[in-house]
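The values are calculated or read from the model by the stated rules, or taken from the named source; none is laboratory data. If you're wondering where the values come from, they're calculated on a predicted model, not measured in any experiment. Here the Cβ is made from the backbone with ideal geometry for all residues, glycine too, and neighbour counts use every protein chain on show. Note: areas computed on protein heavy atoms with side chains; ligands, DNA, RNA excluded. Shrake-Rupley method; radii C 1.70, N 1.55, O 1.52, S 1.80 Å.
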Amino acid sequence: MTMMTTATCQTYISPLSPDTLRDACRKIRHVALDMDGTIYMGSELFPFTKDFLALLEDNGITYSFLTNNPTKSIADYLDKLRRMGIEASPDNMYTTAVATIDYLRANMPDVKRLFVVGTPSMKAEFEQAGFTLTAASADDIPQALVVAFDTTLDYERLCHAAWLASQSIPYIATNPDRVCPTNLPTVLVDCGSLCACIRHAVGRQPDIVIGKPNPDMLSGIRFRLGLQPDEIAMCGDRIYTDVAMAWNAGALGVLVLSGETTLETAINSDPQPPVTARNILEFGKLLVESRKKL
């Protein structure tokens, strides 16, 4: 395990040899960034985020924002970033709501009527994409069920979703996350937990889970920028979504300890993430260091 320490705590750990780690970091041309727990927590931008983005720009490394959280539309996310002082374009942003729409268009082109468990913002995004959303009524049967992280969850709609799942129609989950990171004294129950509720009620899992760790979440970035998998680093605060997607896609997985995962969990993970850093800025410094001539 390679390790660099400061006076107070570790900056990063890696199971890779120093040479292997340096070579992997030197190849990176693009960094895909998780959002909650990685660049901000809830409504608060981390103090190191802007420095990290500036460091990437200064070194010719591009970046994009990838989130399993579909509660906001692309426009909403861009507005949130703008209010935090980060300017981004729609091309820099990819959510599981957009990925689910892309999946339906590519794999279920005849499906137009959906029952969606999701926020008004997310449901509007589906309607803008041409889908008709059905009501929580046995008289209004959809062609597919979509379950997402829903901060406006209504009990009647959850019960109807469970009933639809029992009727054997196609069942899609936007993401597997059990909880959403927050700086508030609460637990934000996420899509994976809602799906667990439905499974416990009617015994059915989603037919497909769209978001991370599904490697398709990185495909758009790869093809749009003409990159090889090992030229992309995926940074996030979860092993089971962010790092797992990097493994599945052949990218460099970087776990940051600014969100959900603890150092103890990272160390005891099998396999261990290729890189575990205190935060994205420490990983950025590692990228820059790897580019220095030996």
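Under 7 Å by Cβ, and 6 or more places apart or on different chains, what pairs join a residue from the range 125-152 that is within 13 Å of K112 (Cβ to Cβ) and in contact (Cβ under 8 Å) with a residue 24 or more places away in the chain with one that is part of a loop (DSSP other than H, G, I, E, B) and open to solvent by 30 Å² or more (accessible area, probe 1.4 Å)?
Short answer, once both residue conditions are applied: F131/K112; Q143/K112; A144/M108; A144/P170.
Tell me, which helices (runs of 4 or more DSSP H) wholly within the range 5-85 include 3 or more residues that are under 30 Å from A124 (Cα atoms)?
74-83
If you take the residues of the range 116-132 that are touching a helix residue (DSSP H, G or I) at 6+ places or on another chain (Cβ under 6 Å) and outside any helix (DSSP H, G or I), which of them is farthest from Y171 (Cα to Cα)?
Per the stated criteria, the residue is A129.
Give me the pairs: first residue in the range 12-28 and over 20 Å from D237 (Cβ atoms), second residue of a type in the set (D, E, K, R) and outside any strand (DSSP E or B), beta-carbon distance under 7 Å, and six or more apart or on different chains, which are they?
Close Cβ pairs satisfying both conditions: R26/R291; K27/D230; K27/E231.
Which of the residues belonging to the range 261-284 are crowded, with 24+ Cβ neighbours inside 10 Å and under 19 Å from G42 (Cβ atoms)?
I280
Of all residues in the range 10-54, count the ones that are acidic (D, E) and out of contact with any Cys (no Cβ under 9 Å at 6 or more places or on another chain).
Total meeting the criteria: 4.
Could you tell me whether the range 193-203 includes any residue that is crowded, with 21+ Cβ neighbours inside 10 Å, closer than 30 Å to H160 by Cα and free of Cβ contacts under 8 Å to residues at least 60 places away in the same chain?
yes
Please enumerate the residues belonging to the range 46-67 that are open to solvent by less than 10 Å² (accessible area, probe 1.4 Å) and in contact (Cβ under 8 Å) with a residue 60 or more places away in the chain.
T49, F52, L56, I61, S64, L66
When you look at T134, is it open to solvent by 20 Å² or more (accessible area, probe 1.4 Å), of a type outside the set (A, V, I, L, M, F, W, C) and modelled with pLDDT of 95 or more, yes or no?
So T134 fails the test.
Need pairs with beta-carbon distance below 8 Å; first residue under 16 Å from I141 (Cα atoms) and within the range 163-180, second acidic (D, E) and at pLDDT 95 or above; sequence gap 6+ or separate chains.
P170/D207; Y171/D207; I172/D207
Yes or no: D207 over 30 Å from F115 (Cα atoms), open to solvent by 10 Å² or more (accessible area, probe 1.4 Å) and over 18 Å from the mean Cα position of the chain (by Cα)?
When the stated conditions are applied, D207 does not pass them.
Conditions tested, residue by residue: (1) modelled with pLDDT under 95; (2) of a type in the set (F, W, Y); (3) open to solvent by 40 Å² or more (accessible area, probe 1.4 Å).
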| residue | (1), (2), (3) |
| --- | --- |
| A88 | yes, no, no |
| D91 | yes, no, yes |
| Y94 | yes, yes, yes |
| A99 | yes, no, no |
| M108 | no, no, yes |
| K112 | no, no, yes |
| V116 | no, no, no |
| T119 | no, no, no |
| G130 | no, no, yes |
